[in-house]
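Note sheet for the following structure.
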Amino acid sequence: MIPINILFFLTPKAEVAYLEETYSLRQVLEKMEYHQYSSIPILNEDGEYKGTLTEGDILWYFRHNNALDVLKWPESLQLIDVPRRHDYEPVNASSNMEDLLSKIIQQNFVPVVDDCDKFIGIITRRDVIQYYCDRT
């Protein structure tokens with residue numbers, strides 16, 4: 001089997017919706033609704049991957065904070081206030097296919113970072129599966 005460079009599967013940052021740590025919950029929900037994502041990467045102001053927010057994280061936050069009336073939310077409710085149950089593990093751009101596959105089995109996308117831990121994009125489970133289906 002010929003080794004595959006994982007960057008072959010990369011959807012670059014410019015084509016990926018992501019959240020910034022400074023977003024309010026209102027901004028988070030608007031972005032997730034617009035892109036119809038159930039999970040989305042979070043970046044800091046330096047472009048470093050900081051974790052993944054899921055719809056479930058938001059729902060549990062609402063439940064535990066009686067924040068069900070979205071229309072009354074102040075902009076002071078921030079993304080950083082929402083505890084995350086599980087962050088998607090990133091891979092480095094120089095990782096091998098084994099590293100990618102071990103993560104893509106558990107996550108519907110894998111964030112990819114460069115040697116300076118800057119977020120450069122994602123690899124989706126769909127793209128990896130599609131590649132292998134096309135080869136059979």
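Quick note: the coordinates plus some simple rules give every number you see, no bench work behind them. Small disclaimer: the values here were computed from a predicted structure and weren't measured. A quick note on method: Cβ atoms are made from the backbone with ideal geometry, for glycine too, and the neighbour counts reach across all protein chains shown.
Which of these, 123, 104, 80, has the largest mean-square fluctuation under a Gaussian network model of the chain (Cα springs below 10 Å)? Most flexible of the set in this elastic network: 80.
Longest stretch of the chain clear of exposed loop sites (GluC sites (Glu not before Pro), DSSP loop, at most 12 other Cβ atoms within 10 Å, sites excluded): 76-136. Spin-label pair residue 78-residue 34: with each label point 7 Å from Cα along the Cα-Cβ axis, the two points sit 2.1 nm from one another. In terms of other Cβ atoms within 10 Å, 105, 6, 58, 122 run from fewest to most in the order 105, 58, 6, 122.
Cβ crowding within 10 Å ranks 131, 37 as 131, 37, fewest other Cβ atoms first.
Spatially close Lys pairs in the range 6-135, defined by Cα atoms under 17 Å apart and a spacing of eight or more places or different chains, total 5. Sorted fewest first by neighbouring Cβ atoms within 10 angstrom, 53, 25, 100 come out as 100, 25, 53.
Over the residues of the chain, the helix contribution to mean residue ellipticity at 222 nm works out to -9000 deg cm²/dmol, using -39500 (n - 2.57) for each DSSP H run of at least 4.
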